[in-house]
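Take a look at the structure set out below.
The values are calculated or read from the model by the stated rules, or taken from the named source; none is laboratory data. Worth saying up front: this structure is predicted, and the values here are computed from it rather than measured. We place every Cβ from the backbone using ideal geometry, glycine too, and count neighbours over all the protein chains shown.
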Amino acid sequence: MKFITIDFETANSSRTSACSLGITFVENKKVVETKHFYIKPTPNYYNFINVGIHGITKNDTDDKKDFNELWKEIKPYFENNKVVAHNASFDLSVLRAILEHYQIEFPKLEYYCTMLFSKNTLKGLMNYQLSTISEYFNINLLHHNAESDANACAEIFLKLIERDNIDSFEKLCLQHNFMKGELLENFRYKPFKVKNSQYNFNRIDVDSIVCDNENIDEEHPFYQKRVVFTGELEAMTRLDAMQRVANVGGLIKPPSFSSKTNFLIVGNQDYARFGEGHKSTKMLKAEEFIEKGYDIEIINESQFITLVQNENSNFEITIDLISKNSKVLLERKVINEFASKDVYFSDNFEIQINQAFQLIGNLSGYGHNYDFTTETNYFIISNKEIEDLKNNIKSTKINEIEQHMYLRVNAKDNEKNNSNLIVISEQCLYDYYEITNRKR
């Protein structure tokens, strides 16, 4: 197996502010080299919190190349390669953000995450941070030194594949039900994640999909209309989406696009690029047929879900919801509610956000404030944003989560209690942490 492992450190809260990069090269299941690069960050300033974590200052990077210049040197390491990182969602988000900032086309690559791999393989650990896994395997680590972190990530990956007798990335995904991450053209990407479904979009048995709704509304826009999908859907599998169409009387056969298609449903990420002038083959065909007068509409996934949604399925974050969830959490007698849980944070916490992440880490969970996904279990809202919410002011993050959860809720079959997200307050976290420590 040949691949690289990477680790970025950032100068401030901006994802484009990479100030240090470590790259470890692995061939034939052996570490052969590790390289380190200081980077002049964009924007070029250092937050004291970040400095306190990694110790890098402006003096270390002022005479170094910015990423735009450095990329010419390091691009060959990434292009057509396999990339591994610990908490890859962060490191790859840095890479994506800074490449898009400079309008540099993404390299073609696949990426994988040792943190998710560890969660699937090593059960019963307090948390799955790089330092914890390194200690478990007796790997030397100078944490938040990009060179050391990249090397530790490589050693961890090698230990994990040895335990599971894995000799290829394909076997890794098959054995652990992972979906490989990918960087794609036109600034698109697919995240590395656990598959939500056993179905392969290209192998959907359309004949197995039948309408299970006895009360079809013949005035529904999809009734007796041919509906075709393109791009990756965020909120459901393509099979689920086709079932939704069938349940409102729509036609899903044949699944290929033609002049007889009435609706082309485009995944949200692809639709955003469509607006910027990037069009798939199906989109180009649809435009061509529309110009010729054919009855075809192009809509995005969010619009599609609005048309096929269940009744009473909106997801709204309210003071009552936060208070209720917080009260229930504090009154439950479970030893540790956050063990192995994915915990997403809002902004403007009373303590430094890294300290908040550490509280969750101490409770054996994973705290972060980026890449909210269908795997996220908790959303913790800062006391400041709760005060704003009392005055009917919703923060950007609250609005984003409501929109994401709207998609998630409507992607499920059951109409009640199907969000799987617990929203609590910052104060609840502090109180819960204190209660848990008293029990120990």
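Which residue, of THR61, THR24, is in contact with a Lys or Arg (Cβ under 9 Å, 6 or more places away or on another chain), modelled with pLDDT of 95 or more, under 30 Å from GLU375 (Cα atoms) and not aliphatic (A, V, I, L, M)? Talk me through it step by step, then tell me what you get.
Working: THR61 fails: under 30 Å from GLU375 (Cα atoms).
Answer to the check: THR24.
Can you tell me which condition GLU182 does not meet? The list is (1) in a helix (DSSP H, G or I); (2) under 28 Å from CYS19 (Cβ atoms); (3) among the charged types (D, E, K, R), and all the others hold.
All conditions are met except number (1).
Could you tell me which numbered condition GLU33 fails, if it satisfies all but one of (1) under 29 Å from PHE169 (Cβ atoms); (2) in contact (Cβ under 8 Å) with a residue 12 or more places away in the chain?
Answer for GLU33: the failing condition is (2).
So in segment 220-238, with the set limited to residues that are surrounded by fewer than 21 Cβ atoms within 10 Å (Cβ to Cβ) and of a type outside the set (S, T, N, Q), which one is nearest to HIS404 (Cα to Cα)?
Looking at residues that are surrounded by fewer than 21 Cβ atoms within 10 Å (Cβ to Cβ) and of a type outside the set (S, T, N, Q), I get GLU234.
Residues of segment 31-62 being on the phi < 0 side of the Ramachandran plot and assigned to a loop (DSSP other than H, G, I, E, B), which ones?
ILE39, PRO41, THR42, PRO43, ASN44, TYR45, TYR46, ASN47, ILE56, THR57, ASP62
Going by the structure shown, is PHE304 crowded, with 19+ Cβ neighbours inside 10 Å, at pLDDT 75 or above and not assigned by TED's automatic domain parsing to the domain that holds ASP431? Walk me through how you get there before you give the answer.
Numbers: crowded, with 19+ Cβ neighbours inside 10 Å: yes; at pLDDT 75 or above: yes; not assigned by TED's automatic domain parsing to the domain that holds ASP431: yes.
Taking the combined requirement at face value, the residue satisfies it.
Given the conditions (1) over 21 Å from LEU321 (Cα atoms); (2) assigned to a loop (DSSP other than H, G, I, E, B), which single one is not true for PHE338?
It is condition (1) that PHE338 fails.
Among residues belonging to segment 338-352 that are in contact (Cβ under 8 Å) with a residue 60 or more places away in the chain and surrounded by fewer than 19 Cβ atoms within 10 Å (Cβ to Cβ), point out the one that is farthest from LYS384 (Cα to Cα).
SER340
So which pairs qualify, if the first residue must be in segment 63-91 and assigned to a helix (DSSP H, G or I), the second must be hydroxyl-bearing (Ser, Thr, Tyr), the Cβ gap must be under 7 Å, and the two must be at least 6 apart or on different chains?
PHE67/THR42; PHE67/TYR102; ASN68/TYR102; ALA88/TYR111; ALA88/TYR112; SER89/TYR370; PHE90/TYR370
Of the residues in segment 83-137, how many are acidic (Asp, Glu) and either assigned by TED's automatic domain parsing to the domain that holds ALA339 or over 17 Å from the mean Cα position of the chain (by Cα) (or both)?
Taking segment 83-137 as the starting set, the residues that turn out to be acidic (Asp, Glu) are 91, 100, 105, 110, 135.
Those still in the list that are either assigned by TED's automatic domain parsing to the domain that holds ALA339 or over 17 Å from the mean Cα position of the chain (by Cα) (or both) too: 100, 105, 135.
Result for segment 83-137: 3.
Would it be correct to say that PHE178 is in the same structural domain as ALA85 (by TED's automatic domain parsing), touching a strand residue (DSSP E or B) at 6+ places or on another chain (Cβ under 8 Å) and among the aromatic types (Phe, Trp, Tyr)? Write out each step before concluding.
On the way: in the same structural domain as ALA85 (by TED's automatic domain parsing): yes; touching a strand residue (DSSP E or B) at 6+ places or on another chain (Cβ under 8 Å): yes; among the aromatic types (Phe, Trp, Tyr): yes.
Judged against the criteria, PHE178 is a match.
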